[in-house]
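One structure is given below, encoded as structure tokens.
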Amino acid sequence: MRGGLVLSTERMDRILSIDEENLVAVVEPGVVTETLKTEARKRGLFYPPDPASLKFCTIGGNIAECAGGMCAVKYGVTRDYVRGLEVVLGTGEFVRTGVSTVKGVVGYDLTRLLVGSEGTLGIVTKAVLKLIPLPEAAATILSFFRNNHDGSKAVVGIFGERITPCALELMDRTAIDCVRENAGLSIPEDAGCALLIEVDGPKQSVTGEADRVEQACRKYGAIEVGRAADVEGRERLWTLRRSISPALRRVNPVKINEDIVVPRSRLPEMLAFLGDLASRKRLKIVNFGHAGDGNIHVNLMISGTDEEERIRADEAVAEVFRKTISLGGTISGEHGIGIAKAPFLEMEVGPLGVSVMKRLKGCFDPNGILNPGKIFVEEGVVNR
Amino acid sequence: MKGEDFTTLTAACAKCGMCRTVCTLYPERKAEISVARGKVTLVEAAYSGRDGNAEALQEALSDCLLCGKCERECPNEVAVEEIIMKGRADLAEKLGIPAWKQVVFGKVMPSAGVKDAARTAAAASQKLFLRKMPTESGLHYRFPSAFGLSGRTVPALPGKSFLGSLPPGEAVRGEVILFVGCVFDHVFPQVGRAAYETLRLSVKGISVFRDAPCCGLPALVSGDRPSALRCVEENVRRLSDASPERIVFPCGSCLVMFRRNMLFLLPSGHPLHGEAVRVADRCVDYASFLLETDVLSRLSDRPKGEWAGQVGYHDPCHLSGTLGKGPEGREVLRRTVGDSYSELRGAELCCGYGGTFNIRDYPTSAKIGQNKVSVAAGGGTAVIATACSGCILQMRDMAARTDPSLRVVHIAELVSQAFSSR
């Protein structure tokens, strides 16, 4: 994009401290997320955010994007674990924000403003992160349904049981078909929707919660329910979910990946809309994702060589966003705005929202040198 | 190679970064350019005309061990090794072979205390070493004049190569062909001999591939496509005419050249492609073949006690990874040395040799290699057995530098020993 520099903080990769009394970690931005999770786990502590890229993404990137992940449904996203930051602004000034304590209301909450700002406001050089005690046990349940309708009703039903799973993933028929042969699991022929559910907590409560999750699945029409409580068994069930993204290109080579969120009670309606949209627009749409928090990865799979198909896909994306907002949702749960979604920013936040954001940007980066062309539409940038 | 061929190869890369988690070089470099994702991005840029800095691209593509760990980890199965090898060849044609490969013969500083086969060679024997290497063999890629960097231990060149020691009438026909490979013929002829003798016990007759051209791998990874092509064409022609069905390889690097890389040079459409595929299908690693013949069942009285748990198997990146032959090597060891065998700590860690990489950046290669053998020794291993000439060259050098009591051998040497002491 118009030349420029890429600034990488990957060599600032030290965990400066893990305070086991105050449950706080201080890290540099280049620490790989999994490294922090592993170090915390060694001490019986838990850093929950778990984006799919956790093996190679860094805390700095997670903060810039406000990364989510599978367990956001119960534990929240990166934002919920950042207490304070050290940041270099676009002016070269160095600012410390937030606190290292549980509470703190001194002035504006700049920390939360910076988390998810996509590198447009400042460069994180240090972060103070919250840790929590490591859950004692977990159990994983994989259930298959005939269709998205039954599956998404079950999602709502599980919360109706007053259970908050630590992961609740949904995969639609196209997603299941991508991995049917390679996941190493027996998948029922008529499976049109799968839910992967994990519950965690104290040992004695996990079994009971898993039982109730299974009952809820059956109540909403599950055709098959499987369960594992040991590490290997759980890992085997998870392979179904993990194999999907890499297998998508079997459907079509180019992926337009949206990550809308709707209130989970509106999931049945949203999924029905997506099914109808795919046939109306003659597109291959694969839906899967973190249904427990209403976050669905809508993947429009296109050939990449057919311009007419590309136009239909662009129209479909706009329709998906309009529907999402009308259901009380948001057009991006964890991927952010970047370049591709910049034209849709105003659709969700309104002209005044955009204006306030731009004014804030001017405070932090008056010269507009930090990640130009991102979030806001700029002349000369192709937003695709 | 044309731009569109590269586009097909690189299009599969989603730039996810999974390659970085397994890259042997990344922990040393901590730079995106050392990782497959970075290299693929540069190749894409170069071939789409966005960035034409050929020297920088050549430098980036040279900085790779070709261990292939990224390729095997890649969820989208991007053919990273093929991209890098073809890119190196393209750039060599454009810019010439990089300067670091054309070095003046240097003075060798002998280092003390180094024993066994990995002896430091004095300058005189180095000259002899280079002179004695057949010019057509791939060894001049493995040991260019740059090999004379100080501090390095190099194997002393034995008086006679393995094939040179065979009487003319011996091993001319048989059920199988033994493809010894340059290193196990000229540098470690005792390995060629051990593979030959143990195969002879397992089948009725064995023929060796005399005056064999190099497998072509050293030339290919150096970007010398014409030489690599000459090697594989001659190999394919001669082996197509040879009647024995199976072709047995004691060296995993030669084998991956035959089973996979050869087809990068002879792709479908090439007049020799069909023959190459048929030859590739006949090629098998030493361990798998030995297990097929069941000759090891004759070793019923396996030694006990003395070496308990101190013999381990190192996974050559391509033999165990790309070709999936890790279990076979271990099984041969288990059945040969009995309870002396145990799993090597860090068995899958790359030795850091990387062929031309070892010449290009010896300090980094040595750092990776020394870590490899230290981790193994730290796990209680006294003998590292493996089945690749590059790994053996590297690990003997590294053992000499870190722990001279550590032995590095080919599995065939242990099999041969077990039969002779029976």
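What the table shows:
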| quantity | calculated |
| --- | --- |
| Set A:Ala272, A:Ala318: member being surrounded by fewer than 17 Cβ atoms within 10 Å (Cβ to Cβ), over 26 Å from A:Asp80 (Cβ atoms), in contact with a His (Cβ under 8 Å, 6 or more places away or on another chain) and among the aliphatic types (A, V, I, L, M) | A:Ala272 |
| Per-region count, region B:12-36, residues more than 9 Å from chain A (Cβ to nearest Cβ) and within 15 Å of B:Ala79 (Cα to Cα) | 5 |
| Residues located in region A:230-248, provided they are outside any helix (DSSP H, G or I) and surrounded by 15 or more Cβ atoms within 10 Å (Cβ to Cβ) | A:Ser243 |
| So A:Ala342, is it outside the structural domain of A:Leu54 (by TED's automatic domain parsing), exposed (fewer than 15 other Cβ atoms within 10 Å of the Cβ), modelled with pLDDT of 95 or more and not basic (Lys, Arg) | no |
| When residues of region B:72-89 are limited to those that are within 14 Å of chain A (Cβ to nearest Cβ) and charged (D, E, K, R), the one surrounded by the fewest Cβ atoms within 10 Å (Cβ to Cβ) | B:Glu77 |
| Segments classed as helices (runs of 4 or more DSSP H), wholly inside region B:26-113, with at least 2 members that are modelled with pLDDT under 90 | B:36-47, B:54-62, B:80-95 |
| Only listed residue being of a type in the set (A, V, I, L, M), outside the structural domain of B:Cys23 (by TED's automatic domain parsing) and more than 18 Å from B:Leu65 (Cβ to Cβ), chosen from B:Leu349, B:Leu323, B:Leu344, B:Leu319 | B:Leu344 |
| Scan of region A:358-373 for residues that are in a helix (DSSP H, G or I) and not small (Gly, Ala, Ser), ordered by number | A:Lys358, A:Arg359, A:Leu360, A:Lys361, A:Cys363, A:Phe364 |
| Members of region B:336-359 found to be surrounded by 24 or more Cβ atoms within 10 Å (Cβ to Cβ) and free of Cβ contacts under 8 Å to residues at least 60 places away in the same chain, listed by number | B:Tyr341, B:Leu344, B:Cys351, B:Asn358 |
| Given (1) within 11 Å of chain A (Cβ to nearest Cβ); (2) part of a helix (DSSP H, G or I), number of the condition B:Thr7 does not satisfy | (1) |
| Residue that is nearest to the other protein chains (Cβ to nearest Cβ) [pool: residues in region A:273-290 that are more than 15 Å from A:Thr174 (Cβ to Cβ) and in contact (Cβ under 8 Å) with a residue 12 or more places away in the chain] | A:His290 |
| Search result, residues across region A:163-196 that are out of contact with any Gly (no Cβ under 8 Å at 6 or more places or on another chain) and assigned to a strand (DSSP E or B) | A:Met171, A:Leu196 |
| Qualifying residue in region B:331-341 (condition: polar (S, T, N, Q) and farther than 23 Å from B:Arg396 by Cα) | no |
| Single unsatisfied condition, B:Thr21 versus (1) surrounded by 21 or more Cβ atoms within 10 Å (Cβ to Cβ); (2) of a type outside the set (A, V, I, L, M); (3) modelled with pLDDT of 85 or more | (1) |
| Total residues in region A:347-373, condition within 30 Å of A:Ser326 (Cβ to Cβ) and at pLDDT 95 or above | 15 |
| Scope region A:253-290; condition within 25 Å of A:Phe159 (Cα to Cα) and among the hydroxyl-bearing types (Ser, Thr, Tyr); matching residues | A:Ser265 |
| Verdict on B:Ser202 being surrounded by fewer than 24 Cβ atoms within 10 Å (Cβ to Cβ) and of a type in the set (Ser, Thr, Tyr) | yes |
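To keep it simple, each residue is scored yes or no on (1) touching a strand residue (DSSP E or B) at 6+ places or on another chain (Cβ under 8 Å); (2) closer than 29 Å to B:Ser297 by Cβ.
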position: B:Leu349; (1), (2): no, no
position: B:Gly369; (1), (2): no, no
position: B:Ser389; (1), (2): no, yes
position: B:Met395; (1), (2): yes, no
position: B:Pro404; (1), (2): no, no
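The values are calculated or read from the model by the stated rules, or taken from the named source; none is laboratory data. Just so we're clear, the structure is a prediction, and the values are computed from it rather than from any experiment. Heads up, the Cβs are rebuilt from the backbone with ideal geometry, glycines too, and the neighbour counts pull from every protein chain shown.
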